[in-house]
Amino acid sequence: MTGTYPSRSTSRCPSDLLSLQELVDGIAVDIAAVMGRGKVADYIPALADVDADQFGMAIHTVDGQFYGTGSSGVGFSIQSISKVLSLTLAIEHHGDDLWNRVSVEPSGDPFNSLVQLEHECGVPRNPLINAGAILVADALLDAHDDPIDALLSLIEQLTGRRPSIDEEVVSSEKATGFRNEAMANLMKSFGNLKHSVADVLDVYFRQCSIVLNCEELAQVFAYLANAGRQPGSEVVVVSPLRARRINALMLTCGTYDRAGEFAFKVGLPAKSGVGGGIAATVPGKLALCAWSPALSASGNSVAATEALRLFAERSLCSVF
């Protein structure tokens, strides 16, 4: 078989301002073809009325360059994207001991499934599904007097701005989070939750209600594209090994029960949230975030997924 194949050299990711800006602007135009598909996360009342007809995308390179398009400066509830940040804090305190309480395997089940958790005796399949993130919240209560303050401080360190928490979303999460409460109680029954269910869920619900925009999330995730170091500084957020492992978890577990499909179509480590955002990395190059509130049945933004697919296709950026 013969054919012409694109170069896989390090120049495959455009690095000059014009080409990257043109790339994201072009994606913003072409994404109109999928806008209107999916629906917002109406099972969380505070998210039910979010305008689904919005799209934003931003890039932050490891050498400190920013590119944005559309509604990239509009804040939204980051939801499960926060799980990457809580995991970052937890492994810095607990190290490899954390993996005695939560596994690192893809779940293959919906993000709020109870079946697998019961079958595996209260040990969550990975830290990026709900059960795993609730376990991580429990671990953070061992590490910090105020885990939410620690998360907000980490984000402030990475962006220079302390984010807000949407209290309406917090209230909605608490009023409707019955499956999350069931998972927490199930883990508690197996002895894998040390603190009270109420305290753990308060941390979990509040972390999901942090408000950031695409520009800020691209900047936040840049440490994972830069071997654990905050671009533009000497601050080491995590070691290169832990940055690599978090990227691996994002690739294999970060988009719920569609992680395999996402890796197949996009080929980038990523973490989605039901607020409509998806943050991703190109290790050694850049971090990026796309946002649009309408979700697929699996809980991933339809337009943001397509935007990241177009980015990978047109830039030839991939980990494969």
Legend entry - Failed condition for residue 236, given (1) in contact with a strand residue (DSSP E or B) (Cβ under 6 Å, 6 or more places away or on another chain); (2) surrounded by fewer than 23 Cβ atoms within 10 Å (Cβ to Cβ); (3) in contact (Cβ under 8 Å) with a residue 24 or more places away in the chain: (3)
Inset, instruction - Quick one: which residue in 223, 204 is in the same structural domain as residue 143 (by TED's automatic domain parsing), buried (at least 24 other Cβ atoms within 10 Å of the Cβ) and either in a helix (DSSP H, G or I) or of a type in the set (A, V, I, L, M) (or both)? - result: 204
Inset, instruction - Evaluate the following for residue 141: is it part of a helix (DSSP H, G or I), more than 15 Å from residue 289 (Cα to Cα) and among the aliphatic types (A, V, I, L, M)? - result: yes
Legend entry - In region 266-293, the residues that are within 20 Å of residue 29 (Cα to Cα) and out of contact with any strand residue (DSSP E or B) (no Cβ under 6 Å at 6 or more places or on another chain): 266, 293
Inset, instruction - Considering every residue within region 154-173, establish whether at least one is of a type outside the set (Asp, Glu), within 22 Å of residue 298 (Cα to Cα) and surrounded by 23 or more Cβ atoms within 10 Å (Cβ to Cβ). - result: yes
Legend entry - Output for region 252-261, where each listed residue is surrounded by 24 or more Cβ atoms within 10 Å (Cβ to Cβ) and either in contact with a Leu (Cβ under 8 Å, 6 or more places away or on another chain) or in a helix (DSSP H, G or I) (or both): 253, 254, 256, 259
Inset, instruction - List every residue pair whose Cβ atoms sit under 6 Å apart, with the two residues 6 or more apart in sequence or on different chains, where the first one lies in region 83-99 and is at pLDDT 95 or above and the second, anywhere, is in a helix (DSSP H, G or I) and of a type in the set (S, T, N, Q). - result: 86/207
Inset, instruction - Report whether or not residue 104 is touching a residue at least 24 places away in the same chain (Cβ under 8 Å), surrounded by fewer than 18 Cβ atoms within 10 Å (Cβ to Cβ) and within 18 Å of residue 243 (Cα to Cα). - result: yes
Legend entry - region 288-311: number of residues that are more than 13 Å from the chain's Cα centre (by Cα), buried (at least 24 other Cβ atoms within 10 Å of the Cβ) and closer than 14 Å to residue 52 by Cβ: 4
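The values are calculated or read from the model by the stated rules, or taken from the named source; none is laboratory data. A quick note: this is a predicted structure, and the numbers were derived from the prediction, not measured. All Cβ positions, even for glycine, are placed from backbone atoms using ideal geometry, and neighbour counts span all protein chains on display.
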